[in-house]
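Have a look at the structure below, then the notes.
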Amino acid sequence: MSLLQGAHPQTSQPAEARAALLAWPEFNKPAVWLVAVILLIMPFIANGFFLIEIFATTLILGTVALSLMFLAGYGGMVSLMQLTVAGFAAYMVAVFGMSANTNISLGWPWWLATPMALILATVFGTLGGALAVRTEGIYTIMITLAIGAAFYYFTNQNWPIFGGHTGINTIATPRFWGIDWRSDIPFYYVTLGVAAFCYFAVQYVSRAPFGLALQGVRDNPRRMAALGFNVNAHRVAAYAFAAFIAALGGVLQVWNYRQISPGSVSVGACIDILIIAVVGGITRPIGPFIGAFIFVILRTFALDLLVKLGLDGNRFRLLIGLGFLAIVFWSSDGVIGLWERWRRGAAAVDKRAGGGHGHG
Amino acid sequence: MDSTAPRFSAVGAGAALELRGVTRLFGALAALTDVTITVRPGERRAVLGSNGAGKTTLFNCVTGDFPPSSGTIRFFGEDITHFPPYERIRRGLRRTYQISALFPGLTVRDNIYLACRGVSRGRFSPLRPGANDALMHATEALIQAVHLTPLREQRVAELAHGQQRQLEIALALAGAPRFILFDEPAAGLSPTERRELIDILTSLPAHIGYIIIEHDMDVALRVVESVTMMHNGRVFKEGLPHEIEADPEVQELYLGAGHE
């Protein structure tokens, strides 16, 4: 047979293959629909505290961690500056929008301030990425951590724009169509909508040429260059995409707390995002949300638990740290990895049991 | 040598690949010294030489994996000496690697799809391929051509060595290659797989030229029309396969042990 000349589809296989590539495999699972329905009717189940402090917070942290998952899971680039990008977007919402610090805030309406914040934060993340792609592995972690630390100290010391260590307070949130979008139920739906949009965007792009090529860059950058790809340009584009997602998370965060201060962009907070992504699992977009849920639950309830056990409530980080150690030790792919291993194990047991029965 | 003289003196725009005085230094070590090679379009040539003769370094300079320390490289008349690798690939140059350089986390089909996408537009496309995407057809055709159809949904990490070598070649055939560099494609293949490899190489369209590095003389001399013999980073001899095989100096240097 002749090579390179059989470029015509000879069987129905290409059609099948396309269908597989186009399909959303997630939609074939009942569990996914169940989760979607529960999330949609959550305001009728949960009270305001759970809705905002647990679920909205989970979705916001999950969105920021999702941007790290995209870079680390598909691109092999561990960026510790994703929370910094989110924090930058949050600061820009405060600077361009309205707040109690009238000498800082420019007082733009939210529908101008928000796109501005998203654009500037995406540019910020892209520039940081353009620096970081010159390095590999541990050096990428170091340079992005350095950017995060530099931004933290800068916000602490800069008063004219960032409001120094007190930050910017009482930031205005959107109100239109007669709805206060920061009241509990509307805000929950806003975060759910944004998180779902980001989740599906990452899922979709992972099977598009851009996302596939990014996974190629992760597996073998040298070969990608030998296939015609500009590897560094691809990496920078990935940082840009991730920065936009992180920026969306940052806008939600500043709307949630209505204030932003250096504490929100500290190095510790940057590392929390890494912990969230790794605990949840960085191979799939759902991982960061699972990680964020675990993190928020621990942060919220570990305090009471620890006090009941006669320990200092502020030691909740100890629990998170121990959990982090345990998960990294047992599964390199976070909670998702544990779950998959358990399912495979169960399937194998089923098979064995089934086979045994057949022979018996 | 008279009959072969014009073949090797082809110059200028007529050549597919033209190296002039290419030298590559690693610190004080000269991996390539003043290498001048000219290959016609469609010509198939073997590069022979013992380990450390500079064969793979030669490939790396041509594809731009690292640049030569001095000298010029022309590809179909265009000076590509300072081009990044991807610009050379987009002009129709391809290569395979001695140690398979694949994407183990992706499926066979995604590997080949990436190869097809790399040499066409839309590398950054955030949109999934449409129902009638030409590259998907090209991908499926290429999978069939290298006999990997049953394995197309498998992750590459799960493939056997021989199958990975087949995929390695498939990646170099994507798009419209004009010239291919094969770096020991038969390494680690079984006799059957070697025959399949020879079939693939000999059935390539006539306009596609290649250079093949191959230690297995049975493979190498069956699929080429000319041979360049390298030694210590220099071109040692050029000629027709039977001339090189019969050359006493070459036998002493390289063929000696294996062909006595």
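Derivation of every value follows stated rules applied to the coordinates shown; laboratory data play no part. Please read these numbers as outputs of a predicted model, since none were measured by experiment. No Cβ is skipped: glycine too gets one built from the backbone with ideal geometry, and neighbour counts run over all protein chains shown.
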- Karplus-derived 3J(HN,Hα) from phi for the stretch A:82-90 (6.51 cos²θ - 1.76 cosθ + 1.60, θ = phi - 60°), whole Hz, x at Gly and Pro, runs 5, 5, 5, 5, 4, x, 4, 4, 4
- Query: If we sort A:167-175, A:268-276 on the protection proxy, mean other Cβ atoms within 10 Å, highest first, what's the order?
  - Reply: A:268-276, A:167-175
- Message: Just the number: Rg to Rh for the stretch A:184-275, Cα atoms, Kirkwood Rh, two decimals.
- Response: 1.08
- Query: How do B:MET230, A:MET224 line up, fewest other C-beta atoms within 10 Å first?
  - Reply: B:MET230, A:MET224
- Query: Roughly what % of Cα-Cα distances in the stretch B:65-154 sit above 21 Å, to the whole percent?
  - Reply: 44 percent
- Query: Between B:GLY54, B:GLY27, B:GLY175, which gets the highest mean-square fluctuation from a Gaussian network model of chain B, Cα cutoff 10 Å?
  - Reply: B:GLY27
- Message: List residues of the stretch A:96-131, by number, whose backbone nitrogen lies under 19 Å from a label position 7 Å along Cα→C-beta of A:TRP159.
- Response: A:100-106
- Item | For B:LEU48, residues with placed amide H under 5 Å, excluding near neighbours | B:THR228, B:MET229, B:MET230
- Task: Rounding to the nearest 20 debye, state how big the charge dipole of the stretch B:103-174 is about its Cα centre with +1 on each Lys and Arg Cβ and -1 on each Asp and Glu Cβ.
- Result: 200 debye
- Message: Could you derive backbone 3J(HN,Hα) for the stretch B:15-31 from the dihedral phi with the Karplus parameters 6.51, -1.76 and 1.60 (θ = phi - 60°), listing whole Hz in sequence and x where the residue is Gly or Pro?
- Response: 8, 6, 9, 9, 9, 10, x, 6, 10, 10, 9, 10, x, 8, 8, 8, 6
- May I ask you to derive the FRET efficiency for A:VAL307 and B:ILE99 from their Cβ-Cβ distance with R0 = 35 Å, giving the value to the nearest 0.05? 0.05
- Message: At 7 Å along Cα-to-Cβ for each site, give me the label-to-label distance between B:ALA28 and B:ARG155 in nm.
- Response: 4.7 nm
- Send over the per residue convex hull volume for the stretch B:153-260, Cα only, as a whole number of Å³. 134 Å³
- Based on alpha-carbon positions alone, could you give the equivalent ellipsoid semi-axes of the stretch B:103-174 from the gyration tensor, as √(5λ), descending, whole Å? 20, 12, 11
- Taking every Cα atom in the stretch A:114-269, find the radius of gyration and the maximum pairwise distance Dmax, and write them in Å. 18.1, 57
- Nearest 0.05, what FRET efficiency do A:ALA146 and A:ARG222 give at R0 = 35 Å with Cβ-Cβ as r? 0.85
- Please identify, among A:PHE316, A:PHE187, A:PHE301, the residue showing maximal mean-square fluctuation in a Gaussian network model of chain A using a 10 angstrom Cα cutoff. A:PHE301
- Cα-based Rg (one decimal) and Dmax (whole number) for the protein assembly as shown, in Å? 29.4, 97
- Go ahead and run the numbers for FRET between A:ALA326 and A:TRP33, Cβ-Cβ distance against an R0 of 30 Å, rounding to 0.05. 0.45
- Take A:MET98, A:MET92 and order them by how many other Cβ atoms sit within 10 Å, fewest up front. A:MET98, A:MET92
- Note on the structure: Placing each pseudo-label 7 Å from Cα in the direction of the beta carbon, A:ARG344 and A:THR300 end up separated by a distance in nanometres of 3.3 nm
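If you take the C-alpha gyration tensor of chain A, multiply each eigenvalue by 5 and take the square root, what semi-axes do you get, largest first, in whole Å?
Three semi-axes, in Å: 36, 28, 22.
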- Task: Could you work out how far helix A:57-69 tilts from the main Cα principal axis of chain A, as a 0 to 90 degree angle to the nearest 10?
- Result: 60 degrees
- Task: Please figure out what share of the DSSP beta bridges in the protein assembly as shown is antiparallel and state it in percent, rounded to the nearest 5.
- Result: 60 percent
- Note on the structure: Looking only at aspartates and glutamates whose Cα falls under 16 Å of A:LYS308's and that sit 8 or more positions away or on another chain, we get none
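Which value at 222 nm does chain B reach when only helices count, each DSSP H run of 4 or more adding -39,500 (n - 2.57), with the total divided by all residues and rounded to the nearest 500 deg cm²/dmol?
-8500 deg cm²/dmol
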